[in-house]
Amino acid sequence: MSAPQPPRRPAVRVTLGQVAATDDHAANREAARDALDVAGGVHADLLVLPEYASAFHRAGVGREHAQPLGGPFVTALRERAAATGTAVLAGTTLPGTDADPRAVNAVVAVDGAGALVGTYRKVHLYDAFGTRESDRLQPGPADAPPLVLDVAGLRFGVLTCYDLRFPESARRLVDAGAEVLVVPAAWADGPLKAMHWRTLAIARAIENTCAVVAVGMAGKGVVGRSLVVGPDGVVGLELGPDPALRTVDLDPEELREVRVGNPSLANRRYAVVPV
């Protein structure tokens, strides 16, 4: 007689909001509200918006676009999340400290009841390929607790854009229980950049046997091309460069089955420790 099987965990529905934010704060708030309405209309459990969803300029984002957590953008997210019942992860820019004129690149997590349940401050700033994000932004503390939240019974861990190039960031989230890595980004365009974005998302999925939901900003100077990767490295959804909203169902049982067949997390010999 076979042992009873545990009940199958239901799929979790996620909407990817590949919007094209600008420096028009009011228009960006309306785009976020509209995306939440679309996500709520298809009964999504979670909406993911890109990095800098509150305000973006291809030349760089700094203190001039910063808003506090109690400001208009996060307030709009909270109100519409409560109205739709859909949780949301979205990139925003927060004011820095009085002693530092730079702002903070952050991702806020709002649950389906409209509560602000977490904030991740980007650790790895984009000082690469001729750009210096650290001239305008403060890095988040490397030893801050990982942002991992439960949405409909699935554990989502948050990193941002350039963090994707650092496998330690992803592994630290998985160590904290993440089953899905969420990557809001405004991935800069340029030679090989779209290829790097796609390849790194797939690599983070395979090495951590987890799903990856990578949502890129659309518009000039950024690649867009959001994608969803399964824990086996198979790309299940991939968008082009233009604004789009798409919804996928994530299967927790697929994750469990992949981790049984490929127990690389159990077999590893090294831990990740913040520097």
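The values are calculated or read from the model by the stated rules, or taken from the named source; none is laboratory data. Please read these numbers as outputs of a predicted model, since none were measured by experiment. Neighbour counts run over all protein chains shown; Cβ positions are idealised from the backbone, glycine included. Remember, those area values only see protein heavy atoms, side chains included, never the ligands or the DNA or RNA. Shrake-Rupley method; radii C 1.70, N 1.55, O 1.52, S 1.80 Å.
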* For the stretch 236-253, what are the residues that are acidic (Asp, Glu), under 22 Å from MET195 (Cβ atoms) and not in a strand (DSSP E or B)? -> ASP242
* **Filtered residue count, the stretch 194-217, keeping only those that are open to solvent by 10 Å² or more (accessible area, probe 1.4 Å) and aromatic (Phe, Trp, Tyr)** => 0
* Structure fact -> In the stretch 223-240, residues that are more than 21 Å from VAL12 (Cβ to Cβ) and either open to solvent by 10 Å² or more (accessible area, probe 1.4 Å) or more than 16 Å from the chain's Cα centre (by Cα) (or both) total 2
* Considering residues of the stretch 94-111 that are hydrophobic (A, V, I, L, M, F, W, C) and surrounded by 20 or more Cβ atoms within 10 Å (Cβ to Cβ) only, the residue nearest to the chain's Cα centre (by Cα) -> VAL107
* Structure fact -> Filtering the stretch 53-70 down to residues that are assigned to a loop (DSSP other than H, G, I, E, B), open to solvent by 10 Å² or more (accessible area, probe 1.4 Å) and either under 23 Å from LEU149 (Cβ atoms) or in contact with a Lys or Arg (Cβ under 9 Å, 6 or more places away or on another chain) (or both) yields ARG58, GLY60, GLN67, PRO68, LEU69, GLY70
